[in-house]
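The values are calculated or read from the model by the stated rules, or taken from the named source; none is laboratory data. None of the values given here were measured: they were computed from a predicted structure. No Cβ is skipped: glycine too gets one built from the backbone with ideal geometry, and neighbour counts run over all protein chains shown. Heavy atoms of the whole protein, side chains included, go into the accessibility calculation; ligands, DNA and RNA do not. Shrake-Rupley method; radii C 1.70, N 1.55, O 1.52, S 1.80 Å.
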Amino acid sequence: VRLADLRVKQGRYDEAAALLDGQADDESIRPRAALHLARGEVALATELLARAVQTTAPDSSACLPLLGLLVDTQLAAGDPPDDTIARMEVCVAAHPTPYARALLALARGRTDPRHPQKWLRDAIDGFTRVQLPLEASLCRLDLARACAADNPEVAIAEARAALKTFEMLEAARYLDATAAVLRDLGQRVAPPRTSGRSLTRREVDVLTLVGEGLSNPEIAERLYLTPKTVSHHL
């Protein structure tokens, strides 16, 4: 389930779907909803999260990540997330951890039209403190967008910092979005780095298993991929 969550953030949706196939426990709810949202299935994501939130205690720490993603689905659907953020505040009051505060700050940063920068900086600090570089970089991308008109130098710096992390984590989904922000700011963006290799890391993994004599279905099972994805890498 955790690997599937990462695959969604990397934009590797087919792999995430294969990992989540047959998963129905509580821990799989958020990545399943995130996959729906990433694929543009906003109503499915919202319904899945809303049902899960209804059956979770209002002040439960387990509810907070679900509420944070529910804010995103509501924004995508054009629905006001005020009630969801109010419930997040209840959770954070009961569990005032740096991670909880960062989630709330991110939600406020995405919904406050007046002072998004303050909330997003708080979110960056919180996610950095608990060593979640991908989440912190997503906040940097939001901050770059918020600063683009009034403070382009800060926007460029934040976007560049986010781009570096997305390259390191091979998060193609956000690499493209960050590159687009930088180009809108008049910046030239180099192609993604390959660390001097002609093959990607995953292509090397597949090739190694081919050398060991494994078939495509066996490689797919070993690497938690679909056979179609293995064929693509080959």
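Solvent-accessible surface of the range 34-81, averaged per residue with a 1.4 angstrom probe and all protein chains in place: 46 square angstrom. Annotation for the range 146-234: trypsin sites (Lys or Arg not before Pro) lying in DSSP loop with at most 10 further Cβ atoms inside 10 Å of their Cβ are Arg188, Arg193, Arg197.
Computed 3J(HN,Hα) for the range 94-107, one whole-Hz value per residue from the Karplus formula 6.51 cos²θ - 1.76 cosθ + 1.60 where θ = phi - 60°, is 7, 9, x, 7, x, 5, 4, 5, 5, 4, 5, 4, 5, 4, glycine and proline marked x. Label positions at Val154 and Ala190, each projected 7 Å from the Cα along the C-beta direction, are separated by 2.8 nm. The percentage of C-alpha pairs in the range 1-96 whose separation is greater than 18 Å is 44%. Solvent-accessible surface of the range 99-234, averaged per residue with a 1.4 angstrom probe and all protein chains in place: 59 square angstrom.
Computed over protein heavy atoms with a 1.4 Å probe, the carbon and sulfur contribution to the accessible area of the range 13-96 reaches 50%.
Packing order of peptides 31-43, 49-61, highest average first: 31-43, 49-61 (average count of other Cβ atoms within 10 Å over each peptide's residues). Considering only Cα atoms, the convex hull volume of the range 118-175 works out to 65 Å³ per residue.
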